[in-house]
């Protein structure tokens, strides 16, 4: 399975699917450097949904900063698998970030235990060309 079940776009920020009133925001995936929100988890009737909006490019307007893609996946006990991951890029230029199925389930479990919205940092993806130990 791929991490994201649905991709919509290209769309602009004003077209991003908004959560309906019956969905409770239970968590946010944030950039570990600047706390910028990368994705949100909503408690829905059918389970917990993870939604993210990532910038993209527009052939009609390549300089646009509001064009991108909306991504969605339903988080269950089995899917996405713990090791499955989605790469993310912070809008403020902090790249090489990742969220896994295990991270999403951790946020859900923490929310269920505390009853409050959880802010969970995305993990930094090690870059082999830069982060490799020198021997």
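The values are calculated or read from the model by the stated rules, or taken from the named source; none is laboratory data. Computed from a prediction, not measured in an experiment: that's the story for all the values here. Note that each Cβ is placed from the backbone with ideal geometry, even for glycine, and that neighbours are counted across all protein chains shown.
Quick rundown of the values:
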item: Identity of the residue in segment 42-62, closer than 14 Å to residue 4 by Cβ and modelled with pLDDT of 85 or more, that ends up surrounded by the most Cβ atoms within 10 Å (Cβ to Cβ); result: 50
item: Tally, over segment 73-96, of residues that are farther than 16 Å from residue 6 by Cα and either surrounded by 15 or more Cβ atoms within 10 Å (Cβ to Cβ) or touching a strand residue (DSSP E or B) at 6+ places or on another chain (Cβ under 8 Å) (or both); result: 7
item: Qualifying residue in segment 6-25 (condition: at pLDDT 90 or above and closer than 21 Å to residue 123 by Cβ); result: no
item: Close pairs (7 angstrom Cβ cut-off, 6 or more residues apart or separate chains): assigned to a loop (DSSP other than H, G, I, E, B) in segment 1-19, surrounded by 14 or more Cβ atoms within 10 Å (Cβ to Cβ) and at pLDDT below 70 anywhere; result: none
